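As structure tokens, the structure follows; a few thoughts come after it.
The values are calculated or read from the model by the stated rules, or taken from the named source; none is laboratory data. All of these numbers come straight from a predicted model, not from anything done at the bench. When we count neighbours, we look across all protein chains shown, and the Cβ atoms used for this are built from the backbone with ideal geometry, even at glycine. Surface accessibility is based on the protein's heavy atoms, side chains included, excluding ligands, DNA and RNA. Shrake-Rupley method; radii C 1.70, N 1.55, O 1.52, S 1.80 Å.
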Amino acid sequence: MSGLLNLLDLDRTAAEALMVQLGERPFHARNLIRWIHKRGVTDVAQMTDLPQALRAALQQQTQVLLPEVVFQQPALDGTTKWLLQLPDEQRIEMVHIPEAKRGTLCVSSQVGCALDCTFCSTAQQGFNRNLSAGELIAQVWLARHRLGRKLTNVVLMGMGEPLANLAAVVRAINLMTDDLAYMLGQTRVTLSTSGIVPALYRLREVSNVSLAVSLHAPDNDLRDQLVPINRKYPLEQLIPACRAFVANDKRRKVTWEYVMLDQVNDAPAQARQLTRLLAQVPSKINLIPFNPFPGTLYRTSSPERILAFQQHLQQAGFVTTIRKTRGDDVAAACGQLVGRVQDRSRRQQQRTQATA
Ligand code: SAH
């Protein structure tokens, strides 16, 4: 790699710092951000309202480094999945979900994932590295400017655990919500996490995005198995952290994601447990039918069991939706994103040894 600074890594504050470093006035950062993110221009020579000397310096010292689109897979329902290749040949996936009045982009935050949730196909790939802020926002840039997608919402629900890559994620969120860039309201950006509690408190200090939490179980015993990070940050830590996250505004709610696994977490008694667990938190519950992938031992709950579970929660007063599975014919549904990960966690190797 060239070692040149990637301009996509800069949010407005970082761009201002660069201007100062180059001996220019900070306000030029505004124009730079606008050219790149609002207008989609990556060639500094075309940024005609920047002073000549600044353009020359930027041309010499910086670049706009975008991932390569390896291929695009449109599903029958209009959902489209892209496979992107990064400069070090790692691959990530992103998904666009069009609806009548919305266009949602689902972006990845890491190459692979280290958390090893048992029902997630990204987890099976192992983990390689964090994405940079530039690689995060490049997904939004590509969708908007190269692929021409309408974007009203961004969800950090692709590959990876966003709170394990907090600094880069916050920079990218700053750009998504910046009026000079993508202009998304803070609540139109949703960060989904399996619950890295200290990072959740830090995020709350710097951002007001919508929060989705991968709960998936109503008690520690089961959650320890399904979402192993629970052993480190159990429910008695996670629930108060989530409550604190939305406490500054009466209208805000935590969205709890709950994957429906047949005979594992979908019994009526578990729905009752869930209502007790969440009683003190302003909550929305999103039931996600499990999306199978090759090699998994889990099965999706039957529609009857999902409906019964939903009714239970609704009767207890919780807004409860069932997520429509989109794009499953091209493996673009939740938990099916794999990319191509060179596993550094050696998880594949451990699995092979364990079964040998
Ligand atoms: N690491 C983050 C974001 C990634 S996934 C997190 O854990 O929240 C987005 C959602 O899809 C999470 O709720 C995740 O638990 C869920 N998911 C993962 N695999 C799934 C599968 N096979 N079927 C349905 N949902 C799945």
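Computed from the Cβ-Cβ distance with R0 of 41 Å, the FRET efficiency linking M183 to Q263 stands at 0.35. Calculated mean residue ellipticity at 222 nm for the chain: -9000 deg cm²/dmol, from DSSP H runs with n ≥ 4 weighted as -39500 (n - 2.57), summed, divided by the residue count and rounded to 500. Here the range 187-279 was treated as a single set of alpha-carbon atoms; its pair distances binned every 5 Å from 0 give 3, 13, 25, 25, 18, 11, 5, 1 percent. Residues whose amide H comes within less than 5 Å of that of V259, counting only those at least five positions distant or on another chain, are H216, I288 (H built at 1.01 Å from N in the peptide plane). Fully extending the segment from R299 to R243 would add 17.0 nm, taking 0.36 nm per residue of separation and subtracting the current Cα-Cα distance.
Counting only protein heavy atoms and using a 1.4 Å probe, what share of the accessible area of the chain belongs to carbon plus sulfur, as a whole percent?
For the chain, the apolar C and S fraction of the accessible surface comes to 50 percent.
Take the Cα of F27, step 7 Å toward its Cβ, do the same at A308, and the gap between the two points is 6.7 nm. A cut-off of 5 Å between modelled amide H atoms, ignoring neighbours fewer than 5 places along the same chain, links M157 with V107.
Please report the relative contact order for the range 220-351, taking Cα pairs under 8 Å with a sequence separation of at least 6, and give it as a percent rounded to a whole number.
Relative contact order, the range 220-351: 22 percent.
Taking a quarter of the surface of the Cα convex hull of the range 83-132 gives a mean projected area of 4.4 nm². Residue by residue, the range 171-182 carries 3J(HN,Hα) couplings of 4, 5, 4, 4, 6, 4, 9, 6, 4, 7, 10, 9 Hz when phi is fed to the Karplus relation 6.51 cos²θ - 1.76 cosθ + 1.60 (θ = phi - 60°); x denotes Gly or Pro.
Annotation: amide H-H contacts under 5 Å for L5 (H modelled 1.01 Å from N, sequence separation of 5 or more, or interchain): Q63. Think of each Lys and Arg Cβ as +1 and each Asp and Glu Cβ as -1; about the Cα centre, that makes the dipole of the chain roughly 660 debye. Pairwise Cα distances in the range 5-63 exceed 14 Å for 47 percent of all pairs.
So how do 21-30, 179-188 stack up, highest first, on mean other-Cβ count within 10 Å?
179-188, 21-30
Here the Kirkwood formula, the inverse mean of 1/r across different C-alpha pairs, assigns the chain a hydrodynamic radius of 21.3 Å.
When the Cα positions of L278, T13, N174 are compared along the charge dipole of the chain, L278 comes out farthest toward the positive end, with charges on each C-beta of Lys, Arg, Asp and Glu. Listed values for the range 11-19 are Karplus-derived 3J(HN,Hα) couplings in whole Hz (6.51 cos²θ - 1.76 cosθ + 1.60, θ = phi - 60°), namely 8, 4, 4, 5, 5, 5, 4, 5, 4, and x replaces Gly and Pro. For the range 280-294, the Karplus equation 6.51 cos²θ - 1.76 cosθ + 1.60, evaluated at θ = phi - 60°, returns couplings of 9, 10, x, 9, 10, 10, 10, 7, 10, x, 4, 9, x, 9, x Hz by residue, with Gly and Pro reported as x.
Leaving out ligands and nucleic acids, note down the accessible area per residue over the chain with a 1.4 angstrom probe, in whole Å².
45
If I stretch the segment between E89 and V70 completely, what's the gain in nm (0.36 nm per residue apart, minus their alpha carbon distance), one decimal? Here the answer is 5.8 nm. Rounded to the nearest 20, the size of the Cβ-charge dipole of the range 226-279 about its Cα centre is 320 debye, with Lys and Arg at +1 and Asp and Glu at -1. Annotation: the antiparallel percentage among DSSP beta bridges lying fully within the chain is about 45.
Peptides 193-200, 288-295, 120-127 ranked from most to least packed by the mean count of surrounding Cβ atoms within 10 Å: 120-127, 193-200, 288-295.
Subtracting the Cα-Cα distance of Q280 and D221 from 0.36 nm times their residue separation leaves 19.1 nm of extension gain. Close lysine pairs were tallied over the chain: pairs 8 or more places apart or on different chains with Cα atoms under 24 Å apart number 15.
Rounded to the nearest whole angstrom, the semi-axes of the ellipsoid equivalent to the range 192-242, taken from the Cα gyration tensor as √(5λ), stand at 20, 10, 8, largest first.
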